[in-house]
Amino acid sequence: MFSIEGLTLRQTEILEFLRKFRREGKSAPTYREIAKHFGFKSPKAASDHVHALEKKGYVRRHGGRSRGIELLSPKDTLTDNTISVPILGNIPAGYPAEQTEHRLGTLAVDKAMLDGSTRHRLFALLVSGESMEGRSIHEGDWVVADADLPPHEGDVVVALIDGENTLKTLAKQEGRFFLKAESPKYSDLIPLKEMMIQGVVRSIFRRMY
């Protein structure tokens, strides 16, 4: 999973958890609810993370209220049929590279394009490179990935392979998973040490010039 610029991965996850409550029309969660959701040992750990978000300008805390966390970012839900997905950086569809994190705002997506993933942890990435053209994914496209969807062979995935990020097709040969390039100009990627799937691509968006 990619973190928003200036936030740790955990802070990014907590911010999205707060946004999820607002999208569903609920009051902000309590520190105890945050702690339970993320498996913290005490509500104080949740309070410390929210305090860090406050210092960075993402929330405002109102003392004396059990649900006193106010989001200061733009409203997530645009319409009943639209969800706002955080854009958490870019992804190379070419050779793997260290992830360059950017805070690029949000991408408005019709819920019908996500087919049941609207309650999952979603994130959007800007594609760079040409290795996925065989799957009709081109440089400059946006991909929306689901961090909670189990990956399967043949899925287009956001992957961390040997410490670097890339966008490829998840493939399997002789019982071993690897990352398949969808262009003859690029080689397939076989992990030397480790490979982690960070999200399964659900939708692709392209700006028409």
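Since every read-out is calculated from the coordinates, none of them should be taken as a lab result. Please read these numbers as outputs of a predicted model, since none were measured by experiment. As a convention, Cβ positions derive from the backbone with ideal geometry for all residues, glycine included, and neighbour counts pool all protein chains shown.
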Ranked by GNM mean-square fluctuation in the chain (Cα springs under 10 Å), the top entry among Ser187, Ser66, Ser117 is Ser66
Go ahead and set up a Gaussian network model of the chain, Cα springs under 10 Å, then flag whichever of Ile83, Ile137, Ile190 fluctuates most. Ile190
Roughly how tilted is helix 43-55, in degrees to the nearest 10 and between 0 and 90, from the longest Cα axis of the chain? 80
Just want to confirm a number: the relative contact order over the chain, from Cα pairs under 8 angstrom separated by 6+ residues, in percent. 16
HN-Hα J couplings of segment 174-188 from phi, Karplus 6.51/-1.76/1.60, θ = phi - 60°, integer Hz, Gly and Pro as x? 6, x, 10, 7, 8, 10, 9, 7, 10, 8, x, 7, 10, 8, 5
Assigned charges on the beta-carbon of Lys, Arg, Asp, Glu; segment 9-71 dipole about Cα centre (debye): 100
Is there a quick way to get the dipole size of the chain? I mean about its Cα centre, with the Cβ of Lys and Arg at +1 and of Asp and Glu at -1; what is the value in debye to the nearest 20? 1200
Residues with amide H under 5 Å of Glu139's amide H, sequence separation 5 or more or different chain, H placed in the peptide plane at 1.01 Å from N; which? Gly129
Take the alpha carbon gyration tensor of segment 114-209, find the square roots of its eigenvalues, order them as a ≥ b ≥ c, and report rounded if a/c is under 1.5; if not, report prolate when a/b exceeds b/c, else oblate. oblate
In the chain, if the dipole is taken from +1 on Lys/Arg beta carbons and -1 on Asp/Glu beta carbons about the Cα centre, which of Thr12, Asn81, Pro43 is farthest to the positive end? Pro43
Springs between alpha-carbon pairs under 10 angstrom, Gaussian network model over the chain: which of Leu72, Leu170, Leu189 fluctuates most? Leu72
